[in-house]
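K.L.:
Encoded as structure tokens, here's the structure I'll be asking about.
We did not get these values from a lab; they are worked out from the coordinates using the rules stated. Because the structure is predicted, anything quoted here is derived from the model rather than measured. Neighbour counts run over all protein chains shown; Cβ positions are idealised from the backbone, glycine included.
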Amino acid sequence: MTNHEVLPLLGQVADSVSQAIAHARPELAGADPLVRRSEHADFQSNAALALAKRARTRPTELADALIAAVAGDRGPITRVDMSGPGFLNITVPDQLIWNQLAARLASLRLGVGTPNEGQRTVIDYSAPNIAKEMHVGHLRTTIIGDSLARVLGFLGAEVIRQNHLGDWGTQFGMLIQYLDEHPEATWHHDELEPGTSAASALDDLYRTARALFDADPEFADRSRRRVVALQSGDHDTVTRWREIVAESERAFRDIYDRLGVLLTPDDSVGESFYNHLLADVVTELTEAGIAVGSEGALVIFSEEVTGPDGNPIPLMVRKRDGGYGYDTTDLATIRYRIHDLKSNRLLYVTDSRQALHFQLIFEAARRAGWLTDNVEAAHVPYGTVLGPDGRPFKTRAGGTVRLMDLLDDSVARARAVVHEKDPDLPAEELDQIAEQAGIGAVKYADLSNSRIKDYTFDVDRMVSFNGNTGVYLQYAHTRIRSILRKAGDPHVVIDPTIELQPAERALALQLDAYDTALTEVGETLEPHKLCGYLYDLARAFTSFYEACHVLNAEEPVRGNRLALCQLTARTLRHGLNLLGISAPDRM
RNA sequence: GCCUCCGUAGCUCAGUGGAUAGAGCGAGGGACUUCUAAUCCCGAGGUCGCAGGUUCGAAUCCUGCCGGGGGCACCA
């Protein structure tokens, strides 16, 4: 096994057409060859149509010239025909296709390159609040962010995950004060019943404390003093706060483990981390004349965006009461990530409603000189998770949907579906399959919808074994593994002289395009394109499976088909892994 | 008011300049002595919100309009 990059056929064909363009019409050199997969051949190029006007000729004439130029080149193209108004239908030799597959099979990376090498990419995602339970609102950021971290890392980027925990704020004054006055309250993980989390217990206690804060002015006073104690570093208060953070993180980790996301405590860099930087940031922005006083507060007025009154929109650098909020923390954060982490790509995976906020943060960072042309900063927005009624997803009672409940529900439905299909499955195996299928279903449903749009959370649809679901892909993988097991998991050797059947050809071309699909995800930051690719791959395999028997075939056809099976299984497993979804060997 | 996202089959969604606009679900028909029928195959179903424009060519790009979501100072 090697790690050599295997250039996709599409790229090879595109290079060849580019050369043909430069050869036939030197003045058009460098033009896009517009090569795409085709229904009418292996590939097609639309270059003649697009460039005819610039070449001051008819598309068909330019197409003829390109065909002549391609013929004189020893490129990957075995046949090229003109069709319709000037499309070039391009066919590549069977042998070349087999060789591509052999090269990918021989590569640990499936021949995929590392186009993102040299990028140090910070991905900000998940960011739950300490002393609060993770809920449906954390689902998309966690799942999408994690998948992007995997894909970009695989493509060669140095990924720095940042879990920007909500671990700071006045609410901790109330909570700590309440815990102090109620030592009998149980909230540590080890004191709780199985199935409840410290985050859940703290969430409840916080609500109680909040009610008390509103009802009892003396408690409110003590809470406010506790906020001051926390901010000034009072030993006992900080110790208690740390304890709360640690217990909450433990609860988050249970969810992360279950979801199978990469986040670890090392990735936690919460809001509190930036406290010691805020004063500096404010000074710097003030001295630069970017932050200015307004109505007693210190703000940065946007030079690009205005509000309803027609006045520039401000970022709140320092509140009238002297406190710092979210805007200031995010300014300190972007400075830290650029100056200290030396990142040249910053991604913020958050709700689309924060678009304006990040636009303002990026603008301010640019004006401050932190964010330069060498650094890319992007908000990676996503839409809302909707319930069956088309409204933001809530429980029947109108409450927040806890993430753990949502996962339990999905796993339970998956369990029911699996049990119905195979009632004889031992309970232990059933549980294991249900967990993998249920979690995979939730993640896939989230990732397979286009990121920016809202999507409807529908458990029954997502655990279905039909259609574009995680379960379907997992199942496709197990079927292929089953064939390979029956064949004894052989070391396959491809005979490149065998003629390709249509279904084999379609599958092979799809396998060769994995690289292209991943690169596209790396550029657009849209994991649903990977989902779409894998679904198409699974369907191409199914067509192949129906049309071409593997185990009964004669050698050397059998060996080649086993190679197709092996590469498909590995690509499916690999792709699912980049989505953060497991690919079991049996279901 | 301004900004932004969305509008594609009955439903849920792909498709961002190319050939008859594609899947899944649902409804109809068919296929298990055959590598997992948890599957597959066949047919039905569309003024791509509306109207202009650019282009040889537009679901895709531009403009306007209609409808829906979201955002626009001391919460995060």
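K.L.:
Which one of A:Leu403, A:Leu356 is under 25 Å from the mean Cα position of the chain (by Cα), closer than 29 Å to A:Ala199 by Cα and of a type outside the set (D, E, K, R)?
P.N.:
Working: A:Leu356 fails: closer than 29 Å to A:Ala199 by Cα.
Result of the check over A:Leu403, A:Leu356: A:Leu403.
K.L.:
Before we move on, is A:Thr519 in contact (Cβ under 8 Å) with a residue 40 or more places away in the chain and of a type in the set (Val, Ile, Thr)?
P.N.:
Working: in contact (Cβ under 8 Å) with a residue 40 or more places away in the chain: yes; of a type in the set (Val, Ile, Thr): yes.
In short, yes.
K.L.:
Still on this structure, I have one more. Restricted to segment A:323-332, and to residues that are near RNA strand B (Cβ under 8 Å from one of its atoms) and outside any loop (DSSP other than H, G, I, E, B), which residue is surrounded by the fewest Cβ atoms within 10 Å (Cβ to Cβ)?
P.N.:
Across segment A:323-332, the extreme among qualifying residues is A:Tyr326.
K.L.:
Can I ask one more? Scan segment A:156-168 for residues that are part of a loop (DSSP other than H, G, I, E, B) and surrounded by 19 or more Cβ atoms within 10 Å (Cβ to Cβ) and jot them down.
P.N.:
Looking only at segment A:156-168, we keep the residues that are part of a loop (DSSP other than H, G, I, E, B), and these are A:156-157, A:164-165, A:167-168.
Scanning segment A:156-168 gives A:Ala157, A:His164, A:Leu165, A:Asp167, A:Trp168.
K.L.:
Any residue in segment A:154-177 that is free of Cβ contacts under 8 Å to residues at least 40 places away in the same chain sitting within a Cβ distance under 8 Å of a residue that is away from RNA strand B (no atom under 14 Å from the Cβ) and part of a helix (DSSP H, G or I)? List the pairs, counting only those 6 or more apart or interchain.
P.N.:
A:Val159/A:Ala149; A:Val159/A:Leu152; A:Val159/A:Gly153
K.L.:
Residues that are in contact (Cβ under 8 Å) with a residue 60 or more places away in the chain, small (Gly, Ala, Ser), outside any loop (DSSP other than H, G, I, E, B) and closer than 21 Å to A:Asp512 by Cβ: does segment A:43-61 have at least one? Break it down into steps so the answer makes sense when it comes.
P.N.:
Initially, segment A:43-61 is screened for residues in contact (Cβ under 8 Å) with a residue 60 or more places away in the chain, giving none.
Looking for residues that are in contact (Cβ under 8 Å) with a residue 60 or more places away in the chain, small (Gly, Ala, Ser), outside any loop (DSSP other than H, G, I, E, B) and closer than 21 Å to A:Asp512 by Cβ, one finds none in segment A:43-61, hence no.
K.L.:
How many residues does segment A:88-127 hold that are within 16 Å of RNA strand B (Cβ to nearest atom), buried (at least 21 other Cβ atoms within 10 Å of the Cβ) and assigned to a strand (DSSP E or B)?
P.N.:
So the count comes out to 3.
K.L.:
Follow-up. Among the candidates A:Asp460, A:Asp454, A:Asp536, single out the residue that is within 22 Å of A:Val6 (Cα to Cα) and of a type in the set (Asp, Glu). If you could, list the steps in order and put the result at the bottom.
P.N.:
Values: A:Asp460 fails: within 22 Å of A:Val6 (Cα to Cα); A:Asp454 fails: within 22 Å of A:Val6 (Cα to Cα).
From the options A:Asp460, A:Asp454, A:Asp536, the qualifying one is A:Asp536.
K.L.:
Taking the condition of being under 26 Å from the mean Cα position of the chain (by Cα) and within 12 Å of RNA strand B (Cβ to nearest atom), how many residues in segment A:538-572 meet it?
P.N.:
5
K.L.:
Still on this structure, please answer the following. Quick one: count up the residues across segment A:335-367 that are part of a helix (DSSP H, G or I), among the basic types (Lys, Arg) and away from RNA strand B (no atom under 11 Å from the Cβ).
P.N.:
Step one: filter segment A:335-367 for residues part of a helix (DSSP H, G or I), giving A:335-339, A:352-367.
Subset that is among the basic types (Lys, Arg): A:335, A:337, A:353, A:366-367.
Checking the rest, the ones that are also away from RNA strand B (no atom under 11 Å from the Cβ) come to A:335, A:337, A:366-367.
Matching residues across segment A:335-367 total 4.
K.L.:
All but one of (1) surrounded by 13 or more Cβ atoms within 10 Å (Cβ to Cβ); (2) under 23 Å from A:Gly153 (Cβ atoms); (3) without any contact (Cβ under 8 Å) to a residue 12 or more places away in the chain hold for A:Pro392; which doesn't?
P.N.:
(2)
K.L.:
With free of Cβ contacts under 8 Å to residues at least 12 places away in the same chain, farther than 30 Å from A:Arg161 by Cβ, assigned to a helix (DSSP H, G or I) and among the basic types (Lys, Arg) as the only criterion, which of A:Arg222, A:Arg207, A:Arg242, A:Arg226 stands out? Full working, then the answer.
P.N.:
Values: A:Arg222 fails: free of Cβ contacts under 8 Å to residues at least 12 places away in the same chain; A:Arg242 fails: farther than 30 Å from A:Arg161 by Cβ; A:Arg226 fails: free of Cβ contacts under 8 Å to residues at least 12 places away in the same chain.
Just one listed residue meets the conditions, A:Arg207.
K.L.:
Provide a single number: the residues in segment A:343-374 that are closer than 30 Å to A:Val292 by Cβ, of a type in the set (Val, Ile, Thr) and buried (at least 19 other Cβ atoms within 10 Å of the Cβ).
P.N.:
Selection size over segment A:343-374: 2.
K.L.:
Still on this structure: On the given criteria, is A:Leu500 more than 12 Å from RNA strand B (Cβ to nearest atom), crowded, with 16+ Cβ neighbours inside 10 Å, touching a residue at least 24 places away in the same chain (Cβ under 8 Å) and hydrophobic (A, V, I, L, M, F, W, C)? Full working, then the answer.
P.N.:
Details: more than 12 Å from RNA strand B (Cβ to nearest atom): yes; crowded, with 16+ Cβ neighbours inside 10 Å: yes; touching a residue at least 24 places away in the same chain (Cβ under 8 Å): yes; hydrophobic (A, V, I, L, M, F, W, C): yes.
In short, yes.
K.L.:
Please identify the pairs in which a residue from segment A:76-90 that is more than 16 Å from A:Val13 (Cβ to Cβ) has its Cβ atom under 6 Å from the Cβ atom of a residue that is near RNA strand B (Cβ under 9 Å from one of its atoms) and not in a strand (DSSP E or B), counting only partners at least 6 apart or on another chain.
P.N.:
Pairs that qualify, where the first residue is more than 16 Å from A:Val13 (Cβ to Cβ) and the partner is near RNA strand B (Cβ under 9 Å from one of its atoms) and not in a strand (DSSP E or B), are A:Pro85/A:Pro59; A:Gly86/A:Ala48; A:Gly86/A:Leu49; A:Gly86/A:Pro59.
K.L.:
On to the next question. So A:Ala506 ticks every box in (1) within 12 Å of RNA strand B (Cβ to nearest atom); (2) within 23 Å of A:Leu9 (Cα to Cα); (3) in contact with a Leu (Cβ under 8 Å, 6 or more places away or on another chain) but one. Which box is left unticked?
P.N.:
The number of the failed condition is (3).
K.L.:
Could you grab me the full set of residues in segment A:294-307 that are near RNA strand B (Cβ under 7 Å from one of its atoms), aliphatic (A, V, I, L, M) and under 30 Å from A:Val122 (Cα atoms)? Give the derivation first.
P.N.:
Residues of segment A:294-307 near RNA strand B (Cβ under 7 Å from one of its atoms): A:294-297, A:299, A:305-307.
Imposing the further condition that a residue be aliphatic (A, V, I, L, M) reduces the set to A:297, A:299, A:305.
Of everything in segment A:294-307, those that are near RNA strand B (Cβ under 7 Å from one of its atoms), aliphatic (A, V, I, L, M) and under 30 Å from A:Val122 (Cα atoms) turn out to be A:Val299, A:Val305.
K.L.:
Next up: Quick one: is A:Cys531 touching a residue at least 60 places away in the same chain (Cβ under 8 Å), surrounded by 21 or more Cβ atoms within 10 Å (Cβ to Cβ), within 11 Å of RNA strand B (Cβ to nearest atom) and under 15 Å from A:Ser147 (Cβ atoms)? Step through it out loud before you land on a result.
P.N.:
Values: touching a residue at least 60 places away in the same chain (Cβ under 8 Å): yes; surrounded by 21 or more Cβ atoms within 10 Å (Cβ to Cβ): yes; within 11 Å of RNA strand B (Cβ to nearest atom): yes; under 15 Å from A:Ser147 (Cβ atoms): yes.
When the stated conditions are applied, A:Cys531 passes them.
K.L.:
Can you name every residue in segment A:308-322 that is near RNA strand B (Cβ under 7 Å from one of its atoms) and surrounded by 14 or more Cβ atoms within 10 Å (Cβ to Cβ)?
P.N.:
A:Ile313, A:Pro314, A:Met316, A:Lys319
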